[in-house]
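Here, each number is a calculation from the coordinates, and none is a lab measurement. No experiment lies behind these values; they were computed from the predicted model shown. Because the Cβ atoms are built from the backbone with ideal geometry, glycine has one as well, and the counts that use them run over all protein chains shown.
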Amino acid sequence: MEIRIQMSNLSLTDRERTSIRMHVHARIERAFARIGRRIRHVDVYLNDVNGPRGGPDKRCVIKVDTHGTEPVVAHGLDRNVFGLVNHLTMTAVRGTIERIRRTRDDAMIRKMDGTP
């Protein structure tokens, strides 16, 4: 499983940027450990929507591309990047597991019916 992280418009020091990257990478790896073999890559996009004005302005989008299913996308806004990544990672994991389960169930039904 490849993890790709993109950040834009975030006013961060190099140390903060590294800290966020390490957190995102570790969180994604832990959360998807059970189903990692089914996942091609996870794209994480982080950006600051409002700039220095404040408010819940950090946007995160997590896109999970699996083998044989449509991608799963989780997105949200918050002030705290770390909490936002944690929440959206769990949302993406649940969505991915459900998508894989549904695809597997559909394949099983087609096999039983004899349809391609």
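Brief remarks follow.
- Close amide-amide hydrogen proximity is noted between Asn50 and no other residue 5 or more places distant or on a separate chain, at a cut-off under 5 Å (H modeled in the peptide plane; Pro and chain starts excluded).
- Neighbours of Asn86, meaning other residues whose beta-carbon lies under 12 angstrom from its beta-carbon, give a summed charge of +1 when Lys and Arg score +1 and Asp and Glu score -1.
- Full-extension gain in nm, Val49 to Thr13, via 0.36 nm per residue minus C-alpha separation: 11.2 nm
- Loop-resident trypsin sites (Lys or Arg not before Pro) (DSSP state other than H, G, I, E or B) in the stretch 26-92 with no more than 14 further Cβ atoms inside 10 Å of their Cβ: Arg34, Arg79.
- Taking Leu10, Leu46 and counting other C-beta atoms within 10 Å, the order from fewest to most: Leu10, Leu46
- Pair Asp57, Thr69: separation of 7 Å Cα→Cβ label points (nm): 3.6 nm
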